[in-house]
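Heads up: the structure comes next, in structure tokens.
The values are calculated or read from the model by the stated rules, or taken from the named source; none is laboratory data. Here the structure is a predicted model, which is why all the values come from computation and not from measurement. Here the Cβ positions follow ideal geometry from the backbone for every residue, glycine too, while neighbour counts run over all protein chains shown. For accessibility, only protein heavy atoms count, side chains too; no ligands or nucleic acids. Shrake-Rupley method; radii C 1.70, N 1.55, O 1.52, S 1.80 Å.
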Amino acid sequence: MNTVDPYYSRVVCLAGGVGGARLADGLARVLPPHNLTVIVNTGDDFRHLGLTICPDLDTVMYTVGDVANDETGWGRAGESWRTMSEVGRLGGPDWFSLGDLDLATHLARAHGLDAGQTLTAVTGRLCAGFGIGPAVLPMSDLPAPTLIETDTGEVLPFQVWFVRERWQPAVRRVILPEDVRATAEVVRALETADLVLIAPSNPFVSIEPILNVYPIRAMIEDVPRAVVAVSPIIAGRAVKGPAAKMMAEMGLEPAAAAVAGYYGHLIDGFVYDAQDAGMIAEDGLALLCTDTLMSGAAGRERLAREVLAFAAELME
Ligand code: FO1
């Protein structure tokens, strides 16, 4: 039987955070630019210092644009901090570290938004500035802030919980906004998608906020010939970020199989790490066991190729 050639398929990747950005980068190295669209979580976005900060959009842009700080997983490589340290000296908030180069992105974005451009249009211009070929789309042009309800009952804006409070207190639940609508660009990308890939991002605060945007979840259930998720959990731990901690705090076992169970019938295939070999799958779920750690550009490209080849078998 002839396997579909993923190289000529229209691929949509849902991404947030470092893992999402790295798989997006691997896919961008493999696929023709017009065959890849990255739909990015904006639930982490917030207003700060008079600027609109879009961490997941910026992490995808910097990573695919090859200017990311790979140690922190956010912000720019070769960064300086003169402006932020002066903001602190002048009594401004310095708990959210914005480097000098990173600030240029936020200022250019603020300028575009203030001129009435949509976040989608502004992101397109910024991507052009970073020489990025594939489409990088915010999930919505409307604010869609993710809130964290902690086990003290307190409800915190995402960045306050994630950065200022360093993932404390424990998470009771993630509160997502109602009636957020996807952009026309996102709908068009999903209407023509052959394959949807769910990147190894945090299921609760990176992927679920995207699925929560109308009508993304329903379109993913209907349109693509295959939906494949990559586990963000390896041997009970997140490669980066609070996913495993959140799973435990929300009563889920922090394991790859629990991530597959969380996505349930939405996915046809699941990619998990060799360290979790022997994982039991839900009935009917196709599995790929491989090295899901993406070390450097070669690692990202390798995983992208393996995921696309796996997905191609499911698209027949
Ligand atoms: N994460 C931190 O833990 N500390 C920071 O000071 C910080 C600053 C920052 C600045 C710009 C940006 O795009 C991201 C930044 N992040 C920081 C990461 C941010 O909290 C993201 O939301 C997380 O990476 C989760 O996606």
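Does region 183-193 hold any residues that are assigned to a loop (DSSP other than H, G, I, E, B) and open to solvent by 20 Å² or more (accessible area, probe 1.4 Å), and which are they? Quick ask: steps written out before the conclusion?
Within region 183-193, the subset assigned to a loop (DSSP other than H, G, I, E, B) is 183, 192-193.
Correct list: THR192 only.
Report, by residue number, each residue of region 54-82 that is within 19 Å of ALA199 (Cβ to Cβ) and either of a type in the set (A, V, I, L, M) or at pLDDT below 95 (or both).
LEU57, VAL60, MET61, VAL64, ALA68, ASP70, THR72, GLY73
For region 135-192, give me each residue that is within 17 Å of GLY241 (Cβ to Cβ) and under 17 Å from the mean Cα position of the chain (by Cα).
THR146, PHE158, GLN159, PHE162, VAL174
State yes or no: is SER97 among the polar types (S, T, N, Q) and either over 21 Å from PHE46 (Cβ atoms) or touching a Pro at 6+ places or on another chain (Cβ under 6 Å) (or both)? If you could, list the steps in order and put the result at the bottom.
Numbers: among the polar types (S, T, N, Q): yes; either over 21 Å from PHE46 (Cβ atoms) or touching a Pro at 6+ places or on another chain (Cβ under 6 Å) (or both): no.
Spelling it out, it is not the case that SER97 is among the polar types (S, T, N, Q) and either over 21 Å from PHE46 (Cβ atoms) or touching a Pro at 6+ places or on another chain (Cβ under 6 Å) (or both).
Taking interchain pairs and intrachain pairs at least six residues apart, which have beta carbon atoms under 6 angstrom, with the first residue in region 83-97 and modelled with pLDDT of 95 or more and the second of a type outside the set (Ser, Thr, Tyr) and in a loop (DSSP other than H, G, I, E, B)?
MET84/ASP94; MET84/LEU98; VAL87/ASP94; GLY88/ASP94
I'd like the residue in region 61-111 that is within 19 Å of LYS240 (Cα to Cα) and of a type in the set (Gly, Ala, Ser) and, out of all such residues, is nearest to the ligand (Cβ to nearest atom).
For region 61-111, the residue satisfying everything is SER97.
Taking the residues in region 130-151 that are away from the ligand (no atom under 16 Å from the Cβ) and surrounded by fewer than 21 Cβ atoms within 10 Å (Cβ to Cβ) as candidates, determine which candidate is farthest from PRO177 (Cα to Cα).
The selected residue is GLY131.
What tally of residues in region 239-277 results from selecting those that are open to solvent by 40 Å² or more (accessible area, probe 1.4 Å) and at positive phi?
Residues flagged as open to solvent by 40 Å² or more (accessible area, probe 1.4 Å) and at positive phi within region 239-277 amount to 1.
With the structure loaded, tell me whether LEU211 is open to solvent by less than 30 Å² (accessible area, probe 1.4 Å) and within 19 Å of MET250 (Cβ to Cβ) or whether it fails that test. Talk me through it step by step, then tell me what you get.
Numbers: open to solvent by less than 30 Å² (accessible area, probe 1.4 Å): yes; within 19 Å of MET250 (Cβ to Cβ): yes.
Against the criterion (open to solvent by less than 30 Å² (accessible area, probe 1.4 Å) and within 19 Å of MET250 (Cβ to Cβ)), LEU211 qualifies.
Output the qualifying pairs, or none if there are none: Cβ atoms under 6 angstrom, residues six or more apart or on different chains, first residue in region 55-79 and on the phi > 0 side of the Ramachandran plot, second residue more than 9 Å from the ligand (Cβ to nearest atom) and part of a loop (DSSP other than H, G, I, E, B).
GLY75/ASN69
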